1. Where does each of 189-200, 101-112 land if you order them by average Cβ count within 10 Å, highest first?
2. Expressed in nm², what is the orientationally averaged projection area of the convex hull enclosing the Cα positions of segment 175-264?
3. Below 8 Å, C-alpha to C-alpha, sequence gap of six or more: please give me the relative contact order for segment 175-264 in percent.
4. What value in Å³ per residue do you get for the convex hull of the alpha-carbon atoms in segment 113-265?
5. Considering the Cα positions of the chain, please state its Rg to one decimal place and its Dmax as a whole number of Å.
6. What angle, in degrees between 0 and 90 and rounded to the nearest 10, separates the Cα long axis of helix 241-264 from the longest principal axis of the Cα atoms of the chain?
7. Using the alpha-carbon atoms, what tilt in degrees (0 to 90, nearest 10) does helix 86-168 show relative to the longest principal axis of the chain?
8. So what is the 222 nm mean residue ellipticity for the chain from helices alone, if each DSSP H run of at least 4 adds -39500 (n - 2.57) and you divide by all residues, rounding to the nearest 500 deg cm²/dmol?
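Any read-out appearing in this document is the output of simple, stated calculations on the displayed coordinates, not a laboratory observation. In this text the structure is predicted, and so the values were computed from the model without any measurement. All Cβ positions, glycine included, derive from the backbone under ideal geometry; neighbour counts span all protein chains shown.
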Ligand SMILES: [Zn+2]
């Protein structure tokens, strides 16, 4: 097996490994996003519950104050009923009105607090319900990740063994180049020669679509065993079956042409 064929085999195995891990990665990404949402919803619930406790406690304080004022109002009225003079009565009336004003203000505060209690109670109920819905989604996502991991684990270890074997067949410097390109291009280290115009000997790189010198194609076809890199993206170039067939046909034509010339000479 030529070096190019061995590289092609390694690339194929790597592609299969990537394909498998993509499925798991997708499931993991979804799981992460849902878990984050769940955390946010739980925090929102906790925050609303804490606020609710605070507002209820504040309401309790105001309610006690209101009861005290009610008692005061009652006392003032009783004293007014038994007041001896108009002057005393009027003084008590002023006092009563002041207390009544305070009491009205407390009523307003309590109405606001009760509205807030209602709002927070709704918020707690809503966020608890969306948390519990989200919990179901997270549980399904967790199961999905596990299932996908189990599903591929056997195949991954098979492929990993194949990968190790295929990599062992590649000279270290070439493997190093290949691995660095894999890293750089998210796995796409290998590119194929594409035909732009066979007649004009114009070829391009399948990875970056840029034209490549014909020398790369002829070196690959000659099977010199040297790595040929795209002059633009640096990907390791390989010759596909289609291009090889075209070159075979062309070289047969050339042989015939040479034979004909030789006969004519
Ligand atoms: Zn290229």
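1. Details: 189-200: 16.1, 101-112: 13.4.
Taking the mean over residues of other Cβ atoms within 10 Å, the ranking is 189-200, 101-112.
2. Working: hull surface 25.5 nm².
Mean orientational projected area (segment 175-264, Cα hull): 6.4 nm².
3. On the way: 105 pairs, mean separation 21.2, N = 90.
In percent, rounded to a whole number, it is 24.
4. Here the figure is 220 Å³ per residue.
5. 41.8, 152
6. Between the helix axis and the principal axis of the chain, the angle is about 20 degrees.
7. So the inclination is approximately 20 degrees.
8. On the way: 5 runs with 208 residues, N = 265.
Taken over the chain, the calculation gives -29000 deg cm²/dmol.
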